[in-house]
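Inspection log for the structure reproduced underneath, given as C-alpha cells.
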Amino acid sequence: MLDIRLLREDPEAVKNRLRARGGDSWRLVDEVLACDERRRAGETEKQQLQSERNRLSKEIGAMRKQGQDSSALETQVRGIGERIKAIGEEADAAEAGQTGLLQQIPNLPHELCPVGVDESANPLVREWGEKPAFDFEPQDHVAIGTRLGLFDFEAATKISSGGFVVFTGAGARLERALVQFLLDLHIDRHGYHEVSPPHIVNRDCMVGTGQLPKFEDDMYGLEDNAFFLAPTAEVPVTNLYRETILKEADLPLKTTAYTPCFRREAGSAGRESRGLIRMHQFDKVELVNVVHPDESAAQLEVLTTEAEAVLQALGLHYRIIELCTGDLGFSSAKTYDLEVWAPGHGGYLEVSSCSNFADYQARRMRLRFKGADGSNRFCHTLNGSGTALPRLYVALLETCQQADGSVLVPEALQPYFGRDRIA
C-alpha cells in the first residue's frame, strides 16, 4: 500500500508513475485524497467540538455550584456528543473507503525501472550458458514424459479436472528430488531459514501481500472467501511477520519454504499452457527476504543470483530480463524474470520472478522495525521463486534428453534422485 503522504505531497508525481504502468489506477488518487480530506476535516471538527464540550461542562459545573439552571447548556452538550458520535462514524467510513481505495492502487515502479507498455519493452540483462545442440530431433516434455511414464494427465482429470497432473514412478521421484535439492541449496549455500507453513491462508494474509482485492477471481477461495488455498508460499511466509515490530539487528530475515501452489489460471490456453507449463496446482520453493530499506536494492541483486544458482547447478541455459513499467506485477517496484530455455518447447519459460516490493507489502501488513533513533520504520520485502517446479521440470527433461530416448540426470541432482539416468 502506498504512503498516503506521497499522495498528499505530490499527487501529480504519483499519477505519472502510475500512468507508466498502464491502466487507469492513477484515477484513484483523487478519490483517495477526497476520502482523506473528509476524514481529516472530521477529525478537526471533532477536536473543536470536544474542546467546546469541555468548556461547556466546566460552565455547567460552575452554574450548578451556584444553584443556577444549567439545563439549556446540558441540552447543548448532549447535542455536541451526538455530533461527535456521528463524526466518528463518518470518519470511520471515510478511513475504510480510503484504505479500500489504496489497496486497489498498485505499487509505484522504481525510478530506474525501464518504461514500456508491455513485455516487448523488457530489456535483456544477461544470459548464462548455451542452448543445447542435438544431432536428433528433440521432443517436448509431454512426449518424453508420456513415453517414459513420468506423469499422467488423464488420471489427474479423472480425479480432479484439467490443469492437474499425477506424477508417477520415476516422474514422482524426480519431482521429490528437485524439491529437496532446491531446499538444501538455499539453506546450506545461501543461509535461508526453512519453514513449513499452512497451505490454507486467511483473507488478511492475501490482502497483506497484495493478492487481494485485485486477483480474487484467480484464487481458490474457501468459506465464502474468508480463506484461500495459498497461490504461492510468498503469502504465508511473508505474513509470518505481519503486525510485528522487529529489531534492526534482526534484519535481514531470509526464509524459504516448499509448498504446493494453487491458481485458477482462468483464460489460459494454447501453446503456453501445454502439458506442465501452466497448472492449477504446482510445487514451488519460495525465497522471502525482509530487509532494511537501505539494503533492498542491493538485496534484489543477491536474491536474483540465488535463484540463478539453481539453473547453473543443473546446467540449464537461461536469460534474465528486467520487467518494464507496463509488465510489473501489482505489488512490485522492480522485478527480474529468470527464463530457462526449453528446446522441445522451442522457447524460454519463466521459472522465477525476483521482486523488490519496497515498503508496499510492509505497509499493508504493518511490518516494521525499530530504528537506531527509536522510531518504528517499515521494512522492505522481497521474494523470488527458487524455483517453480513445473517449468524447471520441463526444461530439465527437454535439455537432458538423449538420442536413445533416456534422460540424463544432472550431476548435482543425482544424490537426490539416486540414479544418473531416467530410462
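The values are calculated or read from the model by the stated rules, or taken from the named source; none is laboratory data. Just so we're clear, the structure is a prediction, and the values are computed from it rather than from any experiment. For neighbour counting, all protein chains shown are included, and Cβ atoms are generated from backbone atoms with ideal geometry for every residue, glycine included. Protein only, heavy atoms only, side chains kept; ligands, DNA and RNA dropped before computing areas. Shrake-Rupley method; radii C 1.70, N 1.55, O 1.52, S 1.80 Å.
Which one is most open to solvent (accessible area, probe 1.4 Å), of the residues in region 195-228 that are in contact (Cβ under 8 Å) with a residue 24 or more places away in the chain and acidic (Asp, Glu)?
Selected residue: ASP217.
Among the residues in region 347-360, are any without any contact (Cβ under 8 Å) to a residue 60 or more places away in the chain and over 24 Å from the mean Cα position of the chain (by Cα)?
yes
Mind counting the residues in region 28-42 that are over 30 Å from PRO109 (Cβ atoms) and surrounded by 15 or more Cβ atoms within 10 Å (Cβ to Cβ)? Don't jump to the end; show me each part of the working.
Looking only at region 28-42, we keep the residues that are over 30 Å from PRO109 (Cβ atoms), and these are 41-42.
The next check asks that each one be surrounded by 15 or more Cβ atoms within 10 Å (Cβ to Cβ); those that pass are 42.
The number of residues fulfilling the criteria is 1.
Taking region 300-322 as the search range and keeping residues that are open to solvent by 10 Å² or more (accessible area, probe 1.4 Å) and among the polar types (S, T, N, Q), which one is nearest to THR381 (Cα to Cα)?
THR305
Within region 1-27, which residues are closer than 18 Å to LEU328 by Cβ and either open to solvent by less than 50 Å² (accessible area, probe 1.4 Å) or touching a Lys or Arg at 6+ places or on another chain (Cβ under 8 Å) (or both)? If you could, list the steps in order and put the result at the bottom.
Here is the first cut: in region 1-27, the residues closer than 18 Å to LEU328 by Cβ are 1-2, 6, 13-26.
Within region 1-27, MET1, LEU2, ALA13, VAL14, LYS15, LEU18, ALA20, ARG21, GLY22, SER25, TRP26 meet the criteria.
Filter region 73-113 for residues that are out of contact with any Ser or Thr (no Cβ under 9 Å at 6 or more places or on another chain), surrounded by 18 or more Cβ atoms within 10 Å (Cβ to Cβ) and of a type in the set (S, T, N, Q) and give the result.
GLN98
Please list, ordered by first then second residue, the pairs with beta carbon atoms under 7 Å, 6 or more apart or interchain, first in region 230-249 and touching a residue at least 24 places away in the same chain (Cβ under 8 Å) and farther than 22 Å from PRO293 by Cβ, second open to solvent by 40 Å² or more (accessible area, probe 1.4 Å) and part of a loop (DSSP other than H, G, I, E, B).
Between residues of region 230-249 that are touching a residue at least 24 places away in the same chain (Cβ under 8 Å) and farther than 22 Å from PRO293 by Cβ and residues that are open to solvent by 40 Å² or more (accessible area, probe 1.4 Å) and part of a loop (DSSP other than H, G, I, E, B), the close pairs are ALA230/HIS199; PRO231/ARG263; PRO236/PRO198.
Select, from LEU174, LEU183, LEU148, the only residue that is under 30 Å from LEU323 (Cα atoms) and either modelled with pLDDT of 95 or more or surrounded by fewer than 18 Cβ atoms within 10 Å (Cβ to Cβ) (or both).
Checking each option against the conditions leaves just LEU183.
How many residues, within region 229-263, are farther than 15 Å from LEU183 by Cβ, in a strand (DSSP E or B) and open to solvent by 10 Å² or more (accessible area, probe 1.4 Å)? Reasoning before the result, please.
Within region 229-263, the first condition is being farther than 15 Å from LEU183 by Cβ, and the residues that meet it are 229-232, 234-236, 238-253, 261-263.
Going one step further and asking which of them are in a strand (DSSP E or B), we end up with 229, 245-247, 253, 261-262.
Still in the running and open to solvent by 10 Å² or more (accessible area, probe 1.4 Å): 229, 245-247, 253, 262.
Count: 6.
Just give me the residues in region 280-299 being of a type in the set (A, V, I, L, M) and surrounded by 23 or more Cβ atoms within 10 Å (Cβ to Cβ), in sequence order. Walk me through how you get there before you give the answer.
As a first pass, look at region 280-299 and keep what is of a type in the set (A, V, I, L, M): 285, 287-288, 290-291, 297-298.
VAL285, LEU287, VAL288, VAL290, VAL291 - these are the residues of region 280-299 that are of a type in the set (A, V, I, L, M) and surrounded by 23 or more Cβ atoms within 10 Å (Cβ to Cβ).
Within 30 Å of LEU397 (Cα to Cα), under 23 Å from the mean Cα position of the chain (by Cα) and modelled with pLDDT of 95 or more: which single residue out of ASN122, ASN107 fits that description?
Values: ASN107 fails: within 30 Å of LEU397 (Cα to Cα).
Step by step, each of ASN122, ASN107 is checked, and only ASN122 is within 30 Å of LEU397 (Cα to Cα), under 23 Å from the mean Cα position of the chain (by Cα) and modelled with pLDDT of 95 or more.
For LEU49, are the conditions met, namely being closer than 19 Å to ALA93 by Cβ and open to solvent by less than 40 Å² (accessible area, probe 1.4 Å)?
Details: closer than 19 Å to ALA93 by Cβ: yes; open to solvent by less than 40 Å² (accessible area, probe 1.4 Å): yes.
So LEU49 fits the description; yes.
Looking only at region 114-130, filter to residues that are open to solvent by 100 Å² or more (accessible area, probe 1.4 Å) and in a loop (DSSP other than H, G, I, E, B); which one of those is farthest from ILE422 (Cα to Cα)?
Among them, the one singled out is VAL115.
If you go through region 139-180 one residue at a time, how many are under 19 Å from LEU349 (Cβ atoms), of a type outside the set (Val, Ile, Thr) and out of contact with any strand residue (DSSP E or B) (no Cβ under 6 Å at 6 or more places or on another chain)?
Within region 139-180, residues that are under 19 Å from LEU349 (Cβ atoms), of a type outside the set (Val, Ile, Thr) and out of contact with any strand residue (DSSP E or B) (no Cβ under 6 Å at 6 or more places or on another chain) number 9.
Pick from THR325, THR387, THR399, THR381: which is β-branched (Val, Ile, Thr) and surrounded by fewer than 23 Cβ atoms within 10 Å (Cβ to Cβ)? If you could, list the steps in order and put the result at the bottom.
On the way: THR387 fails: surrounded by fewer than 23 Cβ atoms within 10 Å (Cβ to Cβ); THR399 fails: surrounded by fewer than 23 Cβ atoms within 10 Å (Cβ to Cβ); THR381 fails: surrounded by fewer than 23 Cβ atoms within 10 Å (Cβ to Cβ).
So the residue among THR325, THR387, THR399, THR381 that is β-branched (Val, Ile, Thr) and surrounded by fewer than 23 Cβ atoms within 10 Å (Cβ to Cβ) is THR325.
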